[in-house]
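Below is one structure, written out as structure tokens, with a few remarks after it.
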Amino acid sequence: MIELTDSYVHSDIIQRRTKFEQWSPHNGPEQMALMHDTSKEIIDMHNDERKLLTAALSEIVFKACGYAMLHEALNRRQPVWWVGHRFVTSVMAKPTAS
């Protein structure tokens, strides 16, 4: 799985869209096809489609986005948040009230 995701991230198609000085690039059909095919390969690697590794990762990102929407709406510090690794880990590292 690591090799597959590494080849996806380092593919020419994806690398052309990671030039942040040219941000925000439009999606293209070749990018969408690569993403779809790679996602299917990752899902096919699982023994049980009801227990996907990606489901746990998606839940973490979903919770971080929910946190940003609720907490930042109350005390807005900037108009837009980039939901990247740094933001997700900072949100998920915060203790939650039980």
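Rule-based calculations on the coordinates, nothing more; no lab input. Note that the structure is a prediction, hence the values are computed from the model and not measured. Note that each Cβ is placed from the backbone with ideal geometry, even for glycine, and that neighbours are counted across all protein chains shown.
Couple of notes before you dig in:
- Condition check for Leu34: among the hydrophobic types (A, V, I, L, M, F, W, C) and in contact with a helix residue (DSSP H, G or I) (Cβ under 6 Å, 6 or more places away or on another chain): yes
- Taken over region 19-46, residues that are surrounded by 13 or more Cβ atoms within 10 Å (Cβ to Cβ) and in contact with a Leu (Cβ under 7 Å, 6 or more places away or on another chain) amount to 4.
- Enumeration of residues in region 48-98 that are part of a loop (DSSP other than H, G, I, E, B) and among the hydrophobic types (A, V, I, L, M, F, W, C): Leu52, Val80, Trp81, Trp82, Val83, Ala93, Ala97
- Subset of region 1-18 [basic (Lys, Arg) and surrounded by 14 or more Cβ atoms within 10 Å (Cβ to Cβ)]: Arg17
- Here Glu21 passes the criteria (1) closer than 27 Å to Val91 by Cα; (2) acidic (Asp, Glu); (3) outside any helix (DSSP H, G or I) except the one numbered (3).
- The residues of region 70-93 that are exposed (fewer than 10 other Cβ atoms within 10 Å of the Cβ) and over 27 Å from Met1 (Cβ atoms), listed by number, are Leu70, Ala73, Leu74, Asn75, Arg76, Arg77, Gln78, Pro79, Val80.
- Members of region 52-69 found to be of a type in the set (D, E, K, R) and surrounded by 11 or more Cβ atoms within 10 Å (Cβ to Cβ), listed by number: Lys63
- Scanning region 36-47 for residues that are more than 24 Å from Thr89 (Cα to Cα) and outside any loop (DSSP other than H, G, I, E, B) gives His36, Asp37, Thr38, Lys40, Glu41, Ile43, Asp44.
- Condition met for Glu49 (surrounded by 10 or more Cβ atoms within 10 Å (Cβ to Cβ) and out of contact with any strand residue (DSSP E or B) (no Cβ under 9 Å at 6 or more places or on another chain)): no
- Residue that is within 16 Å of the chain's Cα centre (by Cα) and without any contact (Cβ under 8 Å) to a residue 12 or more places away in the chain, where the choices are Asp48, Asp37, Asp6, Asp12: Asp6
- All positions within region 64-85 that are in contact (Cβ under 8 Å) with a residue 24 or more places away in the chain and not hydroxyl-bearing (Ser, Thr, Tyr): Ala64
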